[in-house]
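Take a look at the structure set out below.
The values are calculated or read from the model by the stated rules, or taken from the named source; none is laboratory data. Predicted model, so just to flag it, every value in this text is computed and none were measured. Positions of Cβ are backbone-derived with ideal geometry, glycine not excepted, and every protein chain shown enters the neighbour counts. Surface accessibility is based on the protein's heavy atoms, side chains included, excluding ligands, DNA and RNA. Shrake-Rupley method; radii C 1.70, N 1.55, O 1.52, S 1.80 Å.
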Amino acid sequence: MTHTATPAAATPPASPAAPPKSRTTERSLARRALARPEIGALVAAIGVYLFFFVAAPTFRQADSFATVLYQASTMGIMALAVSLLMIGGEFDLSAGVAVTSSALTASMLSFQLTANVWVGVIVALLVSLAVGLINGLLLIKTGLPSFLVTLASFLMLQGANLAITKLLTDNVATDSITDMDGFDQAKSLFASEIGVFGVNVKITVLWWLIFAAIATWVLLRTKFGNWIFAAGGSKESARAVGVPVNLTKIALFMTVGFAAWFVGMHLLFEYNTVQAGEGVGNEFYYIIAAVIGGCLLTGGYGSAIGAVLGAFIFGMVNQGIVYANWNPDWFKFFVGVMLLLATLVNLWVRRQAARR
């Protein structure tokens with residue numbers, strides 16, 4: 001008897017092997033967060049806040065916190081501009097005295113000409129932008145490091161601030177301009193207060209946050225932001241792909257000039273008079289705030305949010321020491337500790353980012 005073999009059931013084709021996950025999908029959320037330049041500053045800000053929250057009962061009050069924000073905002077506006085410049089690979093050691101120069105220009109010009117204060121404000125803006133333009137042009141035309149170019153600018157501005165003020169006022173401070181036309185309007189823009197949940201907050205805090213949002217948008221969403229990172233990372237490579245490196249650096253120096261003008265106008269309309277010797281040394285605080293916020297001294301890396309956090313830490317330490325009734329001399333000690341720790345953290349974060 002013949003038996004017909006029953007055909008075996010067809011074996012279904014093997015499912016294709018699942019493609020291996022990429023390194024990006026495998027990386028944990030924590031790893032990606034650690035790659036952000038501002039993460040170290042965020043951790044430090046939380047730690048400093050909690051420390052003074054426990055150590056200084058006054059620190060917990062709403063009006064005290066408003067003072068912290070005010071201290072942070074005046075430094076933070078400058079730190080934002082300086083951080084953009086550092087991401088672009090340059091420094092500006094004249095930033096501190098440039099703030100004073102802008103305030104002196106507006107005050108003395110308005111007083112000497114008995115003009116509306118807005119005349120002095122506008123001229124001061126032009127002078128501040130011109131200082132930034134000259135710094136940028138000198139950097140490009142001479143090929144000198146920005147450290148040397150702006151160190152020279154620092155010395156020249158410091159000398160001019162004192163010499164011109166003494167020449168025009170026979171004093172080291174400007175005359176009060178409170179009774180001049182336009183003062184009240186300018187004060188409302190640069191040095192007024194706004195009510196937030198029953199607490200008076202300086203308007204500089206609002207301007208600080210607005211400038212931070214603009215800087216973040218520029219860095220992350222615009223072609224100019226790409227140019228900043230490229231110019232700070234490698235000038236030669238950036239030029240090879242068509243990045244206008246020179247124009248970018250000049251624009252960044254002029255941005256520092258604009259920030260110096262704005263902060264200078266706040267100081268003028270907040271205190272009504274300006275001391276010619278003010279501002280010396282503040283440039284280092286701006287740089288330190290940017291470094292604490294994640295900017296590298298070598299350029300090409302950093303964020304505007306990090307600069308905000310760096311300035312916020314400064315404000316908390318500056319006022320927290322006062323609220324805790326400590327000797328204010330400890331402030332610079334804390335600044336040195338924060339700078340050292342921030343540099344180490346940024347180095348570690350940079351290495352994590354390089355592993356992506």
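Numerical summary
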{"quantity": "Simple label model, 7 Å out from Cα along Cβ direction - Leu297 to Ala55, nm", "calculated": "2.6"}
{"quantity": "Within straight-line cross-link reach of Lys202, aspartates and glutamates at Cα separation under 12 Å, skipping those fewer than 8 residues along the same chain", "calculated": "Asp63, Glu193, Glu270"}
{"quantity": "Ratio Rg/Rh [Cα only; Rh per Kirkwood] for segment 201-356", "calculated": "1.00"}
{"quantity": "From phi via Karplus (6.51, -1.76, 1.60), per-residue ³J(HN,Hα) for segment 71-86 in Hz, x at Gly/Pro", "calculated": "4, 5, 5, 5, 7, x, 4, 5, 4, 4, 5, 5, 5, 4, 5, 5"}
{"quantity": "Helix-only CD estimate at 222 nm, as mean residue ellipticity for the chain, using -39500 (n - 2.57) per DSSP H run (n ≥ 4)", "calculated": "-23500 deg cm²/dmol"}
{"quantity": "Label-point gap, in nm, between Leu133 and Leu148 - each point 7 angstrom along Cα→Cβ", "calculated": "2.5"}
{"quantity": "Approximate spin-label separation Asn200-Leu339, in nm, with each point projected 7 Å along Cα-to-Cβ", "calculated": "3.5"}
{"quantity": "Label assignment, Rg/Rh (Cα atoms, Kirkwood Rh) derived from the structure, set [x] 1.11; [y] 1.17; [z] 1.15", "calculated": "[y]"}
{"quantity": "Most fluctuating residue given options Ala324, Ala307, Ala342, as computed from a GNM of the chain linking Cα atoms under 10 Å", "calculated": "Ala324"}
{"quantity": "Residue-wise HN-Hα coupling along segment 323-334, computed from phi with Karplus coefficients 6.51, -1.76, 1.60 (Hz; x: Gly, Pro)", "calculated": "5, 7, 6, 8, 5, x, 4, 5, 4, 5, 4, 4"}
{"quantity": "Where the chain is the region considered: accessible area per residue in Å², 1.4 Å probe", "calculated": "50"}
{"quantity": "Accessible-area composition of the chain, carbon plus sulfur, in percent [1.4 Å probe]", "calculated": "66"}
{"quantity": "Dipole magnitude of the chain about its Cα centre (Cβ charges: Lys, Arg +1; Asp, Glu -1), debye to nearest 20", "calculated": "1960"}
{"quantity": "Within segment 229-340: Cβ-based charge dipole about Cα centre, in debye rounded to nearest 20 (Lys, Arg +1; Asp, Glu -1)", "calculated": "360"}
{"quantity": "Percentage relative contact order, segment 192-294, counting C-alpha pairs under 8 Å, at least six apart", "calculated": "13"}
{"quantity": "Label point 7 Å beyond Cα of Asp170 along Cβ direction - residues of segment 83-118 with amide nitrogen under 17 Å", "calculated": "112"}
{"quantity": "Principal axes of segment 65-116: Cα extent on each, largest first, Å", "calculated": "41, 33, 15"}
{"quantity": "Set of aspartates and glutamates with alpha-carbon distance to Lys235 below 16 Å, sequence-local pairs under 8 removed", "calculated": "Glu90"}
{"quantity": "In sequence order, calculated HN-Hα J values of segment 139-153 (Karplus, 6.51, -1.76, 1.60; Hz; x Gly/Pro)", "calculated": "4, 6, 6, 8, x, 6, x, 4, 4, 6, 4, 7, 5, 4, 4"}
{"quantity": "Selection from Phe229, Ala115, Met78, by position along the positive dipole direction of the chain (Cβ)", "calculated": "Phe229"}
